[in-house]
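The block underneath contains the structure these notes are about, expressed in structure tokens.
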Amino acid sequence: MSIQIGSYTFEGPIGTPESLRNNSGVYAVLTRRLSTEPYTVIDIGESGGIRDRVVNHDRSAERARANQGNGIYFAACYCNERDRGRIESELRTAYRPVCGVR
């Protein structure tokens with residue numbers, strides 16, 4: 001399964017972060033109220049090991065507040081270290097996720 005976020009194709013969305021590969025790339029945390037509604041991006045980040053980063057992230061409590069009791073889903077765009085910072089920055093600017101405001 002895949003989802004388009006910006007101009008990038010992400011694997012997911014999936015309901016458990018343990019199902020993510022622990023590879024380099026950009027991850028998105030998504031939510032939605034109903035299965036018939038589109039996903040909303042609530043967080044975007046990058047890491048050399050996506051699964052470890054998402055599972056152990058310091059913004060977990062912030063994400064729980066942001067999803068307002070709806071499901072949380074995860075998606076990943078696996079890419080090299082050189083590209084992941086650029087992609088994260090581009091998507092944060094485009095989506096302005098509520099978690100991790102800098």
Looking at segment 27-42 only, could you name the residues that are surrounded by fewer than 24 Cβ atoms within 10 Å (Cβ to Cβ) and either on the phi > 0 side of the Ramachandran plot or in contact with a strand residue (DSSP E or B) (Cβ under 8 Å, 6 or more places away or on another chain) (or both)? T31, R32, P38, Y39, T40, V41
Of the conditions (1) in contact (Cβ under 8 Å) with a residue 24 or more places away in the chain; (2) within 12 Å of the chain's Cα centre (by Cα), the single one that T40 does not satisfy is (1)
For segment 69-102, which residues satisfy the criterion of being β-branched (V, I, T) and open to solvent by 30 Å² or more (accessible area, probe 1.4 Å)? I72, T93, V98, V101
Residue hits (segment 23-41; outside any strand (DSSP E or B) and touching a Leu at 6+ places or on another chain (Cβ under 7 Å)) are Y39
What's the number of the only condition in (1) surrounded by fewer than 18 Cβ atoms within 10 Å (Cβ to Cβ); (2) at pLDDT below 95 that N23 fails to meet? (2)
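The values are calculated or read from the model by the stated rules, or taken from the named source; none is laboratory data. Source: prediction; values computed, not measured. FYI the Cβ positions are ideal-geometry reconstructions off the backbone, even for glycines, and counts take in every protein chain you see. With ligands, DNA and RNA removed, areas are computed over all heavy atoms of the protein, side chains included. Shrake-Rupley method; radii C 1.70, N 1.55, O 1.52, S 1.80 Å.
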